[in-house]
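Undergrad: Input: one structure, supplied below.
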Amino acid sequence: MLKMKIISCGLILLSLLPGYQAADAAAAADTRLEQQRRLFVQARNALRANKLDTYRQLTGKLTDYPLYPYLLQYYLNSNLWQAKDEEIVNFLKLYGDLPTANDLRRDWLRYLAKRSRWQTYIDNYTPQTDETLRCYHLHARLQSKNQAYLLEDARSLWLSGKSLPPQCDTTFALLYKSNLFTDDLVLQRVKLAMAAGNTSLAKYLSGFLAAANKKWVTLWIDTHNNPARLTQNPKYEDVPIVREILTHGMNRLAGLDIDKAISRWQELKPTYAFASGQIDAVERTIAIKAASKKHAQARQTLEQVRNSLVDEEIFHWRLATALQNKDWDRLLKWTTGEPPLPVVKQRWLYWHAQALAETGNKESSLELYKAVASERDYYGFLATDKLGTPYDMGHRSLPEDLSEWQQISVKPAIVRARELHSLGMNYSARREWQHAFQDLTSYQLQIAASIASDWGWHDQVILTLGQAKAEDDLNLRFPLPYEKLLTSYARKRDLDLSWVYALTRAESIFMEDAQSPAGAMGLMQVMPATGRETATALGMKKFFTSNLLQADTNVPIGTEYLRRMYKHFNRNIILATAAYNAGPGNVKKWLPASGCIEPEIWIEQIPFAETRKYVQRILYYASIYDWRLQKDITPVRERMATTAPGQQNFIASLSCSGTRQSAKNISPVYIAHRN
């Protein structure tokens, strides 16, 4: 709507120009832009083919095109060996605000270093995160005789828990000869190395130490390798480095043998004068390991963690342990008071309300459920289900601000992002868009999200609204792209369309070319091996892994894999969702060997934080997508119980008494597992 207002306003202004009609002017502008886009692609292709005359000719016609700087940078990046220094310096001055400008600077700095052009390196160096470039900068200062604070800067870089590039060696050799290089400095780095588990670096560093200190590093490494033996009845003197070594050993032992760690810590804690931070670190590690292994003393070890140090992880394990043991009194105690962090507030309050109800204080629990239900999230919807009231989606459209829209839409970074997006150069487009965030207020980010929505750029709409902390425009935050494709395959696979939309949004925020660090690809984040196997099963011809970055291939494969998980777990949405994220093998390991467990409790006990939050997110996203698709809204609690009657091996349709029930009539709902 706002876009149409702006277009109308622009056309009115154009119609006032002598001899021009608005429609003609708009058409001419569109035609000109399309011509420039074609010339841009041709110029880029000519450069890639090393047809420099053609590249220069075409680039000369694009000096007023928003992506003209990109063509200049493409040339400079590929021709550093023949570009003049002034060309590069002038480009960085003129276009230093480009998010890609530092890419050119880094490439140039590497080129200068390889040719030992140290003064030019210094003159054009800006602070870098790349350690090799930082090392080169130290070396350049050494070579140019500009050694002010050189050793201090070398010391700062040297203090690292990992090995550093050999480009630092010359400068570090100077540091080793200086009075800044002491045993205390070496021991600082040894501590960093051991914290990173880098024992080979620690052993190397011990060579710089006097014999009296070298023995401690040897002990530290030995304790790392064999914590059970070397933390047993130690006879070491009570000095700071010994306490560091024993703290390290206890943290290691907790991960290897929790029984020994618990008993060993009871022996060591009163024997050595550990600092409070060391005690807290060891007791935190022991508590987490004990809880994750469902150790008999998990409750006691979690109790030892000071409340002031409770964070998201400790609270998770306190909650999981209390729920595992149905210890409502302890859970009530652990959730009394203010939540320690905003990120756990809803979880904390919901389970405090549940603990109140289970310990007989139902009136207070209802009041707390009402407070939790005011938020539109997993726990808010669960609390609403407890109250038996309908969901209040609380949708509010973003503000319409014609003036702000016009100002933001012509910002250079926004204009460049639009052009890159229109050319399918998605990675560069996202970099430009994110770069534009630096100068925008929360209100302006909301307007920018509206602009991106008009371009159909759903992933950046969602990310931009998240950055702005503007969560109420559900039409923008939960869009319906690929509707025909997703609807077709949800129907074909007999899957709930709202669930499929929720999962796709959680997986990729509708980024068709999304690729995760783990290798998952496309809209539904399919792993290559899964893609190949599923494509073969579906009879897809000429399948290539790269096809997973195309929606027309990714969605058929992703929905088929989801259907398999759904069928494998007897049409249980919770388990199928968890399996889609963590694999069916893990989900089977997490199921109880016998008996039953309420779904919301099973979800809380998922040991992988990513999977736990993923399942919760998709459950409440699905209810929002019911609303977006104008369907009857299925409550979260009812989706938890979805199952197929008549199956012989039920997973989600047994009550604890062993009686089969219709999924919609289960109260409470259970997940049970038969061997």
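The values are calculated or read from the model by the stated rules, or taken from the named source; none is laboratory data. What you are looking at is a predicted structure, and each value in this text was computed from that prediction instead of being measured. Neighbour counts are summed over all protein chains in view; Cβ atoms, including those assigned to glycine, are modelled from backbone coordinates with ideal geometry.
Undergrad: If I filter segment 370-383 for residues that are touching a Leu at 6+ places or on another chain (Cβ under 9 Å), outside any helix (DSSP H, G or I) and assigned by TED's automatic domain parsing to the domain that holds G466, do I get at least one hit?
TA: No; the residues of segment 370-383 include none that is touching a Leu at 6+ places or on another chain (Cβ under 9 Å), outside any helix (DSSP H, G or I) and assigned by TED's automatic domain parsing to the domain that holds G466.
Undergrad: I'd like to check something: does segment 167-177 contain any residue that is polar (S, T, N, Q), more than 30 Å from T285 (Cα to Cα) and not in a helix (DSSP H, G or I)?
TA: Taking every residue of segment 167-177 in turn, none turns out to be polar (S, T, N, Q), more than 30 Å from T285 (Cα to Cα) and not in a helix (DSSP H, G or I).
Undergrad: Out of all the residues in segment 550-559, is one or more more than 18 Å from I509 (Cα to Cα), of a type in the set (G, A, S), in the same structural domain as F510 (by TED's automatic domain parsing) and in a helix (DSSP H, G or I)?
TA: Scanning segment 550-559 turns up no residue that is more than 18 Å from I509 (Cα to Cα), of a type in the set (G, A, S), in the same structural domain as F510 (by TED's automatic domain parsing) and in a helix (DSSP H, G or I).
Undergrad: Restricting to segment 305-317, count the residues that are modelled with pLDDT of 95 or more and over 23 Å from the mean Cα position of the chain (by Cα).
TA: Number satisfying all stated conditions: 1.
Undergrad: Hey, another quick one. Take L368 and decide whether it is touching a residue at least 24 places away in the same chain (Cβ under 8 Å) and out of contact with any Phe, Trp or Tyr (no Cβ under 7 Å at 6 or more places or on another chain).
TA: When the stated conditions are applied, L368 does not pass them.
Undergrad: I need the full set of residues from segment 284-298 which are within 21 Å of I603 (Cβ to Cβ) and not polar (S, T, N, Q), in order please.
TA: I288, A291, K293, K294, A298
Undergrad: Go over the candidates S397, S364 one by one and state the one that is outside any helix (DSSP H, G or I), touching a helix residue (DSSP H, G or I) at 6+ places or on another chain (Cβ under 9 Å) and surrounded by fewer than 16 Cβ atoms within 10 Å (Cβ to Cβ).
TA: That would be S397, the only listed residue that is outside any helix (DSSP H, G or I), touching a helix residue (DSSP H, G or I) at 6+ places or on another chain (Cβ under 9 Å) and surrounded by fewer than 16 Cβ atoms within 10 Å (Cβ to Cβ).
Undergrad: Within segment 118-136, can you find the residues that are assigned to a helix (DSSP H, G or I), farther than 12 Å from P165 by Cβ and not charged (D, E, K, R)?
TA: W118, Q119, T120, Y121, I122
Undergrad: What is the one condition in (1) touching a residue at least 60 places away in the same chain (Cβ under 8 Å); (2) assigned to a helix (DSSP H, G or I); (3) touching a strand residue (DSSP E or B) at 6+ places or on another chain (Cβ under 8 Å) that Y580 does not satisfy?
TA: Looking at each condition in turn, Y580 falls short on (3).
Undergrad: Just need a number here: residues in segment 496-532 that are of a type outside the set (F, W, Y) and assigned to a loop (DSSP other than H, G, I, E, B).
TA: 16
Undergrad: Then there's this: Please work out which residue is nearest to the chain's Cα centre (by Cα), limiting yourself to segment 439-483 and to residues that are assigned to a loop (DSSP other than H, G, I, E, B) and charged (D, E, K, R).
TA: K469
Undergrad: Turning to a different aspect of this structure: Conditions first: (1) surrounded by fewer than 16 Cβ atoms within 10 Å (Cβ to Cβ); (2) within 37 Å of the chain's Cα centre (by Cα). A211 passes all but one, so which condition is the exception?
TA: Every condition holds for A211 apart from (2).
Undergrad: Which residue pairs have Cβ atoms closer than 7 Å, lie 6 or more positions apart in sequence or on different chains, and pair a first residue in segment 583-605 that is within 22 Å of V636 (Cα to Cα) and among the charged types (D, E, K, R) with a second residue that is surrounded by fewer than 16 Cβ atoms within 10 Å (Cβ to Cβ) and modelled with pLDDT under 95?
TA: E598/P668
Undergrad: So if I check each of L72, L58, which one is over 22 Å from Y427 (Cβ atoms) and surrounded by 16 or more Cβ atoms within 10 Å (Cβ to Cβ)?
TA: L58
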